[in-house]
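Report on the following structure.
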Amino acid sequence: MSNRFVEAGLSSPVNLTWEVTLACNLRCRHCLSSSAEPAVDELSTAEALELVAQLHQDGVFQINFGGGEPFMRPDFMQILAACHARGMMTCISTNGTLLTPERVEQLSRTRLVAIQVSLDGAQKSTCEAIRGQGTYDAAINALELLARSPIPTSINTVLTADNADEIHALQQLAGQLGVTLRISRFRPSGRGADNWEELRPSPAQLVAFSAWLADNQNIRTGDSFFSLTSRERQGLGLNLCGAAKLTCCVGPTGKVYPCAFLQSDRFTAGNLRQNSFKEIWDNSEIFTSFRGLRIHSCEDCQRFDQCHGGCPAVAYHLKDDIEGGDPECLERCVTSIAAANAKESAA
Amino acid sequence: MTAAGIKLHPACRVRQEEFGLLFYDSRGPSLLFAETGRLLDPDYFDRVRGRGEFPAGLSAQQKQALQNFISTLLERGFLREQ
């Protein structure tokens with residue numbers, strides 16, 4: 001990855017996350033956006049289709065749809081069809097409960113969609129403690145349905161303290177189902193902030209996970225674990241935060257943010273009801289500040305070239321300091337474990 | 001026997017940036033930044049091309065550089081032969 005070109009600024013994102021609705025039929029404890037009811041004044045169908053046209057015009061390669069549960073939007077298939085008609089690649093993050101054979105068959109007609117089904121444990125009890133009753137079977141049913149289709153499908157698991165010991169079993173489950181495994185980082189935003197202390201992986205779990213990732217290079221992480229990247233995985237993905245440089249987030253009401261974990265007024269880069277996407281991407285002060293963000297406090301770290309200070313969103317949520325360095329980076333995890341061990345030895 | 005043609009892999013996209021061409025592979029996803037300037041238009045990859053088929057007016061040196069570049073794209077999976 002050439003940071004030189006990324007930091008100089010691209011003409012548009014390579015991909016973006018579009019949270020098409022806040023509506024969700026589940027109440028997952030780690031939900032990054034506290035999804036439940038639809039947001040007041042979500043983008044209309046006409047506005048959504050206009051945005052698709054703009055993103056295509058701007059050269060955005062891929063749209064990653066999330067929410068909320070995207071299929072809660074009655075016009076979601078229409079929005080997808082508009083993307084595919086323009087040759088735009090799409091990825092849908094879904095809880096799987098609303099995937100029907102008819103929808104899968106319809107989506108199978110294009111080769112431009114990939115689907116991630118959320119499953120937060122290899123054990124039913126682990127998954128349902130996070131996502132709610134009935135979610136495990138619903139996700140497995142959706143995964144089985146998708147595995148019989150040509151749609152590239154993955155299990156998407158958010159790494160938490162509860163499921164960290166089940167990652168290998170999830171990998172095996174994915175293999176049995178004929179899909180792949182993708183693991184995402186748990187961040188303290190939305191309901192995830194309310195349940196942070198209970199669900200956050202321990203430093204030991206994060207270090208173990210980093211080592212496991214090094215041995216399992218086929219596991220995708222959506223680049224959300226670059227703060228933990230081992231030397232073995234260097235070159236497989238990003239080594240810096242891509243927010244406002246390679247990607248960004250569009251919220252349900254048309255507000256644009258650097259990333260999905262920073263959807264607040266403070267980080268609003270613009271509103272698509274007032275400006276075009278291109279105007280926001282090119283001129284937003286928030287985006288300009290993210291492109292110039294340097295985590296100086298991390299520059300002396302031996303791992304700086306591997307993560308460049310890690311995830312600013314986690315630093316913001318945990319330390320209220322966007323420039324403060326990722327509190328859960330590999331170096332800090334290792335240091336924290338060593339300090340705990342030293343304390344234990346001294347006691 | 002006809003020579004194999006090359007085409008952008010269906011999972012890949014390309015666009016023009018100031019530095020040159022930006023390739024995106026949705027299977028990784030992964031990116032490739034090519035400092036090609038304006039030497040090659042992204043539209044070049046829209047259809048099947050012969051291995052030595054380049055825009056008119058290029059010098060021998062530029063053609064050789066593009067040949068090497070095409071080989072890299074093939075190796076990295078952004079292009080495929082058909």
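The values are calculated or read from the model by the stated rules, or taken from the named source; none is laboratory data. Only a predicted model underlies this, so the values are computations on that prediction, with no experimental measurement involved. Methodologically, a virtual Cβ is constructed for each residue, glycine included, from the backbone with ideal geometry; neighbour enumeration extends over all protein chains shown. When the accessible area is computed, the model is the full protein with side chains, heavy atoms only, and any ligands, DNA or RNA have been set aside. Shrake-Rupley method; radii C 1.70, N 1.55, O 1.52, S 1.80 Å.
Below, the figures for the structure above:
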item	result
Qualifying residue in the range A:255-270 (condition: farther than 26 Å from A:LEU10 by Cα and not small (Gly, Ala, Ser))	no
Qualifying residue in the range A:158-172 (condition: in a loop (DSSP other than H, G, I, E, B) and more than 20 Å from A:SER224 (Cβ to Cβ))	no
Which listed residue, of A:ALA313, A:ALA269, A:ALA260, is out of contact with any helix residue (DSSP H, G or I) (no Cβ under 8 Å at 6 or more places or on another chain) and of a type in the set (A, V, I, L, M, F, W, C)	A:ALA260
Selection status of A:PRO70, touching a strand residue (DSSP E or B) at 6+ places or on another chain (Cβ under 7 Å), surrounded by 23 or more Cβ atoms within 10 Å (Cβ to Cβ), modelled with pLDDT of 95 or more and not hydroxyl-bearing (Ser, Thr, Tyr)	yes
Members of the range B:1-38 found to be without any contact (Cβ under 8 Å) to a residue 24 or more places away in the chain, more than 9 Å from every other protein chain (Cβ to nearest Cβ) and part of a loop (DSSP other than H, G, I, E, B), listed by number	B:MET1, B:THR2, B:GLY37, B:ARG38
Test: residue in the range A:90-97 that is assigned to a helix (DSSP H, G or I) and not acidic (Asp, Glu)	no
Output for the range A:31-53, where each listed residue is of a type in the set (D, E, K, R) and either assigned to a helix (DSSP H, G or I) or in contact with a helix residue (DSSP H, G or I) (Cβ under 8 Å, 6 or more places away or on another chain) (or both)	A:GLU47, A:GLU50
Failed item in (1) modelled with pLDDT under 90; (2) in contact with a strand residue (DSSP E or B) (Cβ under 9 Å, 6 or more places away or on another chain), with B:GLY52 passing the rest	(2)
Scan of the range B:45-79 for residues that are of a type outside the set (Gly, Ala, Ser), surrounded by fewer than 17 Cβ atoms within 10 Å (Cβ to Cβ) and not in a loop (DSSP other than H, G, I, E, B), ordered by number	B:ASP46, B:ARG49, B:GLN61, B:GLN62, B:LYS63, B:GLN64, B:GLN67, B:ASN68, B:THR72, B:LEU74, B:GLU75
Those residues of the range A:139-153 which are open to solvent by 10 Å² or more (accessible area, probe 1.4 Å) and within 7 Å of A:VAL179 (Cβ to Cβ), in sequence order	A:ALA147, A:THR153
Residue check, A:CYS248 among the hydrophobic types (A, V, I, L, M, F, W, C) and at pLDDT below 95	no
Residues satisfying the stated conditions in the range A:1-53, i.e. over 17 Å from A:LEU80 (Cβ atoms), among the aliphatic types (A, V, I, L, M) and either within 14 Å of chain B (Cβ to nearest Cβ) or open to solvent by less than 10 Å² (accessible area, probe 1.4 Å) (or both)	A:MET1, A:VAL6, A:ALA8, A:LEU10, A:VAL14
Close pairs from the range B:39-52: first closer than 11 Å to B:LYS7 by Cα, partner not small (Gly, Ala, Ser), Cβ under 6 Å, at least 6 apart	B:PHE45/B:LEU8; B:PHE45/B:VAL14; B:VAL48/B:LYS7; B:ARG49/B:ILE6
Within the range A:114-138, considering residues that are in a loop (DSSP other than H, G, I, E, B) and touching a helix residue (DSSP H, G or I) at 6+ places or on another chain (Cβ under 8 Å), the one surrounded by the most Cβ atoms within 10 Å (Cβ to Cβ)	A:LEU119
Odd one out for A:GLU279, checked against (1) in contact with a helix residue (DSSP H, G or I) (Cβ under 6 Å, 6 or more places away or on another chain); (2) in a helix (DSSP H, G or I)	(1)
Any pair with Cβ under 6 angstrom, 6 or more apart, that starts in the range A:307-327 at a residue that is under 16 Å from A:ASN239 (Cα atoms) and ends at one that is at pLDDT 90 or above and of a type in the set (Phe, Trp, Tyr)	A:ALA313/A:PHE261
Qualifying residue in the range A:54-67 (condition: closer than 29 Å to B:LEU8 by Cα, away from chain B (no Cβ under 12 Å) and assigned to a helix (DSSP H, G or I))	yes
Considering residues of the range A:285-303 that are free of Cβ contacts under 8 Å to residues at least 40 places away in the same chain and crowded, with 17+ Cβ neighbours inside 10 Å only, the residue farthest from A:ALA48 (Cα to Cα)	A:CYS301
Scope the range A:304-326; condition assigned to a loop (DSSP other than H, G, I, E, B) and crowded, with 18+ Cβ neighbours inside 10 Å; matching residues	A:HIS308, A:GLY309, A:GLY310, A:CYS311, A:ILE322, A:GLY324, A:GLY325, A:ASP326
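Listed here are the residues, each with its yes/no results for (1) open to solvent by 20 Å² or more (accessible area, probe 1.4 Å); (2) small (Gly, Ala, Ser); (3) without any contact (Cβ under 8 Å) to a residue 40 or more places away in the chain.
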position	(1), (2), (3)
A:GLY175	yes, yes, yes
A:THR180	yes, no, no
A:ALA193	yes, yes, no
A:ARG200	yes, no, no
